[in-house]
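Structure first, then comments.
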Amino acid sequence: MRTALLLIHGFLTCTDDWDVLLPHFAPLYDETVLFKQPGHERADVKPHFKDFSADSAYAALDETLKTLEGYDSVDVVGHSMGGGMAVYAAACLPNVRRVLLYAPAFRYPRPGALMRQSAQLKNYKAFAAAAEDKAFAAELEGKEALARKAFSSSVDLFFKRLLPHWSVRNIINFMRIMARARKRIDEVDCPVCVMYGELDEFLPFASVKDVLSNADSREMYFIRYGLKGHALTYMGDCGNVIADSLMFLRGENPLLRAPEKTELRSAYKLTRGEATDRIVTVAHDEQTFSVGKGGGTVRRRQVTETYSDGGVKFLKHLENFAFIKKSRGG
């Protein structure tokens, strides 16, 4: 069976978005295709965004999809704006097997993102300070330092590479691309996995909710990382993202990967019934940290629940979910 992987990068970046992941992904496939958005170039080449528009982007993608029609199966992976175009590809190409979406940009912006980041890192550091195990506390502090370093690198990337091209024309084209992709979410019926960083600088949880609420897939996964931002695939320590991604792309259940003790990660598998019965079964694997008078406690919750409302109540749980909780008793 001949298989292919299609990788679609995001807004104002290029195929170098995949440099970290490519060595891990490519061995799984007979061919790997790096789709390049029109006018976008790698970091060492000056971009020419005059060629970039919603029409040119989708025309180029349509041509790429034609070259993939002869494969027995195609997996599609997209980041940010590329996540929207990955949804479009899955809706158009009949031989798509799985779709992996990193921070798909269906909703934006995210007001108060910097305050949320600051609060999350502050709470994580407070948990480290409350931990009685000094070796464990040192690991926690190291993770917090890595998260801050990744955020600093992300800010540097934004100001040096993205902001200079943050024109009204380019933003309008981005919005048109995502609007067109959003209309196709309900046509996606293959297994889908969405990954999201809680420290995302641009996208609210509503962007994830668009996919989980509207995709027609019977099998969906959602994995949330408490110490990662929008560039969760190529900045900072992304070994956990790679491990979860490989499990999904190999057809395995990412919930079977137990999180490290220092890791803020929640993972869910949604299994939908027939469209007429609105039954959704959700398997949770949530690791949270509790800080109280008695110190810091790692709590892991594994449970399977069934919803008859199409998952509405479950999505509210996700909206209210908190990785680090302050408890009176510790």
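Quick notes on this structure:
- Just so you know, in the stretch 20-36 the residues that are part of a loop (DSSP other than H, G, I, E, B) and in contact (Cβ under 8 Å) with a residue 40 or more places away in the chain include one that is surrounded by the fewest Cβ atoms within 10 Å (Cβ to Cβ), and it is Asp30.
- Residue ID - surrounded by the most Cβ atoms within 10 Å (Cβ to Cβ), chosen from residues in the stretch 37-57 that are in a helix (DSSP H, G or I) and of a type outside the set (Phe, Trp, Tyr): Ala57
- Qualifying residues in the stretch 257-283 (those that are aliphatic (A, V, I, L, M) and touching a helix residue (DSSP H, G or I) at 6+ places or on another chain (Cβ under 8 Å)) - the one surrounded by the fewest Cβ atoms within 10 Å (Cβ to Cβ): Ala283
- All of Leu249, Leu203 fail the test of being over 13 Å from the mean Cα position of the chain (by Cα), crowded, with 19+ Cβ neighbours inside 10 Å and either in contact (Cβ under 8 Å) with a residue 40 or more places away in the chain or closer than 25 Å to Lys122 by Cα (or both), apart from Leu249.
- Scanning the stretch 73-96 for residues that are among the charged types (D, E, K, R) and assigned to a helix (DSSP H, G or I) yields a total of 0.
- Subset of the stretch 284-330 that is out of contact with any strand residue (DSSP E or B) (no Cβ under 9 Å at 6 or more places or on another chain) and touching a residue at least 60 places away in the same chain (Cβ under 8 Å) - its residue that is nearest to Leu255 (Cα to Cα): Leu315
- Scanning the stretch 154-173 for residues that are among the small types (Gly, Ala, Ser) and surrounded by 15 or more Cβ atoms within 10 Å (Cβ to Cβ) yields a single hit, Ser154.
- The set of residues in the stretch 45-64 that are within 17 Å of His165 (Cα to Cα) and among the β-branched types (Val, Ile, Thr) contains only Val45.
- Residue ID - farthest from Phe11 (Cα to Cα), chosen from residues in the stretch 97-128 that are free of Cβ contacts under 8 Å to residues at least 12 places away in the same chain and not in a loop (DSSP other than H, G, I, E, B): Lys122
- Pairs with Cβ under 9 Å, 6+ apart, first in the stretch 257-283 and in contact (Cβ under 8 Å) with a residue 24 or more places away in the chain and of a type in the set (Asp, Glu), second surrounded by 15 or more Cβ atoms within 10 Å (Cβ to Cβ) and in a loop (DSSP other than H, G, I, E, B): Glu263/Gly226; Glu263/Leu227
- Candidates are the residues of the stretch 298-319 that are hydrophobic (A, V, I, L, M, F, W, C) and more than 20 Å from the chain's Cα centre (by Cα); the one that is nearest to Ala131 (Cα to Cα) is Val298.
- Residue in the stretch 27-36 that is polar (S, T, N, Q), closer than 19 Å to Ala86 by Cβ and in contact with a strand residue (DSSP E or B) (Cβ under 7 Å, 6 or more places away or on another chain) present: yes
- Residue that is nearest to the chain's Cα centre (by Cα) [pool: residues in the stretch 24-48 that are at pLDDT 95 or above and of a type in the set (A, V, I, L, M, F, W, C)]: Phe25
- Unique residue being buried (at least 22 other Cβ atoms within 10 Å of the Cβ) and acidic (Asp, Glu) when the list is Asp237, Asp244: Asp244
- From the list Ala113, Ala128, the one residue that fits, being under 21 Å from Val194 (Cα atoms), surrounded by 15 or more Cβ atoms within 10 Å (Cβ to Cβ) and of a type in the set (Gly, Ala, Ser), is Ala113.
- Of the residues making up the stretch 1-19, those that are over 27 Å from Asn173 (Cα atoms) and part of a loop (DSSP other than H, G, I, E, B) are Met1, Arg2.
- Residue that is surrounded by the fewest Cβ atoms within 10 Å (Cβ to Cβ), among those in the stretch 284-318 that are touching a helix residue (DSSP H, G or I) at 6+ places or on another chain (Cβ under 6 Å) and closer than 30 Å to Phe136 by Cα: Gly295
- Matching residues in the stretch 131-141 - criterion: being touching a residue at least 60 places away in the same chain (Cβ under 8 Å) and either of a type in the set (Phe, Trp, Tyr) or surrounded by fewer than 19 Cβ atoms within 10 Å (Cβ to Cβ) (or both): Glu132, Phe136, Glu139
The values are calculated or read from the model by the stated rules, or taken from the named source; none is laboratory data. Treat the numbers as computed from the prediction; the structure is a model and nothing was measured. Positions of Cβ are backbone-derived with ideal geometry, glycine not excepted, and every protein chain shown enters the neighbour counts.
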